[in-house]
Amino acid sequence: MAAKYLLAYTGPLTMAVALAYQSYWSWFPLLFLFFILPLAEYFSPIQDDNLKEDKIAEWSDRKIFDYILYGNVFLIWGLLLWFASVLTHQSLLLWETIGLIVGMGIVLGSFGINVAHELGHRVDRFSQIMAGLLLLPALFLRFTIEHNHGHHKYVATDRDPASAQKGLNLYRFIARSFVGTYRGSFQIEARRLRRKGIPAIGLKNRILQYEGLQILYLLTMGWVFGWAIIPFLIAAALVAIVLLEAVNYIEHYGLRRKKLPSGKYEPVSADHSWNSSHLISRIFLYELSRHPDHHQRADKKYQILDHEAASPQMPYGYPHMI
């Protein structure tokens, strides 16, 4: 059953086709994600079955599911280096360049940040490093801090900038979420340091460390491939972040937790995330679409996440919804 998730590799590999053939193929990743996949998913079944109890422990411990995630790190970095080489050493038309930037951003967002999200919830050091390697080219290393300690705590409330209230325009949401989660990550890190008696601004601040690493990444890529590559890398990272925010938008749109008389919010339940068990979304996003179960048990590995029938259900899969 793990083999089905290898199909997700065809997503990043569309970028290999774009880099190899360029011309109209430069736009193949965009065409694949937002036309071919939604069309295929429209005619594919919804698979809402869950694992039997006796299979959950077995599947949770099977390393093949982890290796499939790790493979994305090598694949995406290989594509990134190829992308940098093509853009700095080949003569491209403007529309080809834009297509390749969009394609690289799609790969960094849909497959890089998404896999980093899964690995970033794990406590072992190796998974954390692999998550960081996927977030680095998206210039989004701070994601794990804010997502794990901010979004999961305040999801479906007004305190979470990544939870869209009903009627909020997508583009306003993207701007609000980008700024709000950036601010939130600093606040979370400052609280952590103050509890240890350490100044919030200093070398111990992980957000500042991450910003330094991202600058070092850009400078290293510029030194290797030429300084002209830096704006293209930043543009691809912005595409990835916008795509992530579009995913955030549909995952919790219009859903709100009640505020209790005590001033606290009700516990997170299946009512506070949209569920989708559309087969293609499940495979290509490593079960991210079974989002309600993830928010109730963030430490639960992707391969054992459950379909939540009690949750609000998306009418289509993620590519179609976006």
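The values are calculated or read from the model by the stated rules, or taken from the named source; none is laboratory data. All figures in this text were calculated on a predicted structure; none of them were measured in a lab. Counting neighbours? That spans all protein chains shown, and the Cβs are built from the backbone with ideal geometry, glycine included. Just the protein is used for accessible areas: all its heavy atoms, side chains included, with ligands, DNA and RNA removed. Shrake-Rupley method; radii C 1.70, N 1.55, O 1.52, S 1.80 Å.
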Qualifying residues in segment 225-234 (those that are surrounded by fewer than 16 Cβ atoms within 10 Å (Cβ to Cβ) and touching a residue at least 40 places away in the same chain (Cβ under 8 Å)) - the one nearest to the chain's Cα centre (by Cα): Ile234
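Could you list all residues from segment 143-154 that are touching a helix residue (DSSP H, G or I) at 6+ places or on another chain (Cβ under 6 Å), surrounded by fewer than 22 Cβ atoms within 10 Å (Cβ to Cβ) and not small (Gly, Ala, Ser)?
Quick first cut of segment 143-154, residues touching a helix residue (DSSP H, G or I) at 6+ places or on another chain (Cβ under 6 Å) only: 143-146, 149-150.
From what is left, the residues that are surrounded by fewer than 22 Cβ atoms within 10 Å (Cβ to Cβ) are 144-145, 149-150.
Passing the criteria: Thr144, Ile145, His149.
Using the structure shown, decide if Glu118 is surrounded by 15 or more Cβ atoms within 10 Å (Cβ to Cβ), closer than 19 Å to Ala16 by Cα and not aromatic (Phe, Trp, Tyr). Steps first, please.
On the way: surrounded by 15 or more Cβ atoms within 10 Å (Cβ to Cβ): yes; closer than 19 Å to Ala16 by Cα: no; not aromatic (Phe, Trp, Tyr): yes.
In short, no.
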Lone qualifier among Leu193, Leu216 - being touching a Pro at 6+ places or on another chain (Cβ under 8 Å), part of a helix (DSSP H, G or I) and among the aliphatic types (A, V, I, L, M): Leu193
Selection status of Gly103, assigned to a helix (DSSP H, G or I) and either more than 19 Å from Leu238 (Cβ to Cβ) or touching a strand residue (DSSP E or B) at 6+ places or on another chain (Cβ under 6 Å) (or both): no
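Quick grid of which residues meet (1) under 23 Å from the mean Cα position of the chain (by Cα); (2) at negative phi; (3) without any contact (Cβ under 8 Å) to a residue 12 or more places away in the chain; (4) open to solvent by less than 70 Å² (accessible area, probe 1.4 Å):
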{"position": "Leu37", "(1), (2), (3), (4)": "yes, yes, no, yes"}
{"position": "Ser44", "(1), (2), (3), (4)": "no, yes, no, yes"}
{"position": "Asp48", "(1), (2), (3), (4)": "yes, yes, no, no"}
{"position": "Glu53", "(1), (2), (3), (4)": "no, yes, yes, no"}
{"position": "Leu69", "(1), (2), (3), (4)": "yes, yes, no, yes"}
{"position": "Asn72", "(1), (2), (3), (4)": "yes, yes, no, yes"}
{"position": "Ile76", "(1), (2), (3), (4)": "yes, yes, no, yes"}
{"position": "Trp82", "(1), (2), (3), (4)": "yes, yes, no, no"}
{"position": "Ser85", "(1), (2), (3), (4)": "no, yes, no, yes"}
Conditions: (1) at pLDDT below 95; (2) among the aromatic types (Phe, Trp, Tyr); (3) closer than 19 Å to Leu233 by Cα. Trp27 meets all but one. Number of the miss? (1)
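What helices (runs of 4 or more DSSP H) completely inside segment 1-97 contain at least 1 residues that are touching a helix residue (DSSP H, G or I) at 6+ places or on another chain (Cβ under 7 Å) and within 21 Å of Leu119 (Cβ to Cβ)? Write out each step before concluding.
Working: elements: 10-21, 28-31, 37-42, 53-61, 64-89.
Per the criteria, 10-21, 53-61, 64-89.
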Any residue at all in segment 162-173 that's open to solvent by 70 Å² or more (accessible area, probe 1.4 Å) and closer than 19 Å to Leu139 by Cβ? no
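For segment 235-277, which positions are of a type in the set (Ser, Thr, Tyr) and open to solvent by 20 Å² or more (accessible area, probe 1.4 Å)?
Within segment 235-277, the first condition is being of a type in the set (Ser, Thr, Tyr), and the residues that meet it are 249, 253, 262, 265, 269, 273, 276-277.
Across segment 235-277, the qualifying residues are Tyr249, Tyr253, Ser262, Tyr265, Ser269.
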Can you give me the number of residues within segment 57-67 that are under 18 Å from Tyr286 (Cβ atoms) and open to solvent by 40 Å² or more (accessible area, probe 1.4 Å)? 5
Would you please list the contacts, defined by Cβ atoms under 6 Å and residues six or more apart or on different chains, that run from a residue in segment 297-316 that is closer than 22 Å to Ala8 by Cβ and free of Cβ contacts under 8 Å to residues at least 24 places away in the same chain to a residue that is assigned to a loop (DSSP other than H, G, I, E, B) and open to solvent by less than 80 Å² (accessible area, probe 1.4 Å)? Leu305/Glu287
